[in-house]
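Before any comments, here is the structure.
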Amino acid sequence: MRILLTAITVLFISACASSQTSDPNSLSFRIPKGSTLSLNKELTIPYNDTHAVVQHGAEVKDRDKKEYAINCRLDVKDFGPRTIAPEDFTITRTEDGQNWISEPSIMRFYTEIYLSSNKGTDIIKMVCQEYGSQTDRNFTVAEMQNALGDFFSIKFAENK
C-alpha cells in the first residue's frame with residue numbers, strides 16, 4: 001500500500017511540473033525574461049493614437065486589421081503622429097490569456113509582451129491577439145513571429 005501511495009504521489013507531482021521547452025513552435029514555450037524584441041523598420045504612430053498595428057508583416061491601420069488573424073499592437077505612452085525608429089527593446093515579462101468578446105461564440109486569444117527601452121522610448125508593451133471560437137487555441141510564439149514578418153524579430157534569452 002505504501003509503495004502504491006508513493007507511486008501515485010510521484011506521478012501527481014511530475015504531472016504538475018512545468019513542461020518547459022525551448023521550441024517556439026510549442027504551445028508551452030514562453031519567451032524568457034531578458035529576451036530582445038527588435039523593431040527593424042520605422043513604425044508610425046498615427047495621429048491621436050498611442051499605438052501602431054502590424055499584421056502579416058506589414059503596418060496596418062486599426063480599421064483594416066483582420067481580427068481572426070494574428071495582429072500585434074505596439075503601445076506607447078505619448079500620442080502621435082510620430083515615428084518610432086528601429087530599436088532593440090528588452091522583454092521584461094510576458095502574459096498569455098484569453099477572454100470572451102461575445103460569449104459563447106467569439107474568444108480573444110492574446111500574448112502581452114512588456115518592454116523597456118535603453119534609449120528612453122516611451123514603449124509600454126506589444127499585444128498580439130487573434131479572435132477565434134471556444135474550441136480554438138492560443139497561438140505559438142513561432143506563429144506570432146510569422147505575423148510580425150521582418151518588422152520585428154525576437155532574440156531569446158537563455159532559460160535558466
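Here, each number is a calculation from the coordinates, and none is a lab measurement. Keep in mind the model is a prediction, meaning the values are calculated, not measured. Counting neighbours? That spans all protein chains shown, and the Cβs are built from the backbone with ideal geometry, glycine included.
Stretching A58 away from D122 to a fully extended chain increases their span by 20.9 nm, per 0.36 nm per residue minus the current alpha-carbon distance.
With coordinates expressed along the principal axes, the C-alpha atoms belonging to the stretch 68-160 extend over 44, 38, 22 Å, beginning with the largest. With Rh defined as the Kirkwood radius, the inverse of the mean 1/r over Cα pairs, the Rg/Rh of the stretch 58-101 is 0.98.
Note on the chain: semi-axes of the ellipsoid equivalent to its C-alpha gyration tensor, largest first and rounded to whole Å, are 35, 20, 13. Put in line by how crowded their Cβ is, counting other Cβ atoms within 10 Å and starting with the fewest, K66, K41 read K66, K41. Using Cβ point charges alone (K and R +1, D and E -1), the dipole size of the chain about the Cα centre works out to roughly 420 debye. Sequence-ordered 3J(HN,Hα) estimates for the stretch 28-43 from the Karplus curve with 6.51, -1.76 and 1.60 and θ = phi - 60° stand at 8, 6, 10, 5, x, 4, x, 5, 10, 9, 9, 7, 9, 9, 4, 10 Hz, glycine and proline given as x. Since only S133, N118, F151 are under comparison, the one whose Cα sits farthest along the positive direction of the charge dipole of the chain, derived from C-beta charges on Lys, Arg, Asp and Glu, is N118. Placing +1 on each Lys and Arg Cβ and -1 on each Asp and Glu Cβ, with no other charges, gives the stretch 72-160 a dipole about its Cα centre of roughly 180 debye. Note on E42 and R93: with the Förster distance fixed at 30 Å, the Cβ-Cβ geometry gives a FRET efficiency of about 0.70.
Net charge of the neighbourhood of D78, taken over other residues with C-beta under 14 Å away and scored Lys/Arg +1, Asp/Glu -1, is -1. Helix-only arithmetic for the chain: the sum of -39500 (n - 2.57) across DSSP H runs with n ≥ 4, divided by the residue total, places the mean residue ellipticity at 222 nm at -4500 deg cm²/dmol. With θ taken as phi - 60° and the Karplus curve 6.51 cos²θ - 1.76 cosθ + 1.60 applied, the whole-hertz 3J(HN,Hα) list for the stretch 91-104 is 7, 8, 5, 9, 9, 10, x, 8, 8, 6, 9, 8, 6, x Hz, x standing for glycine and proline.
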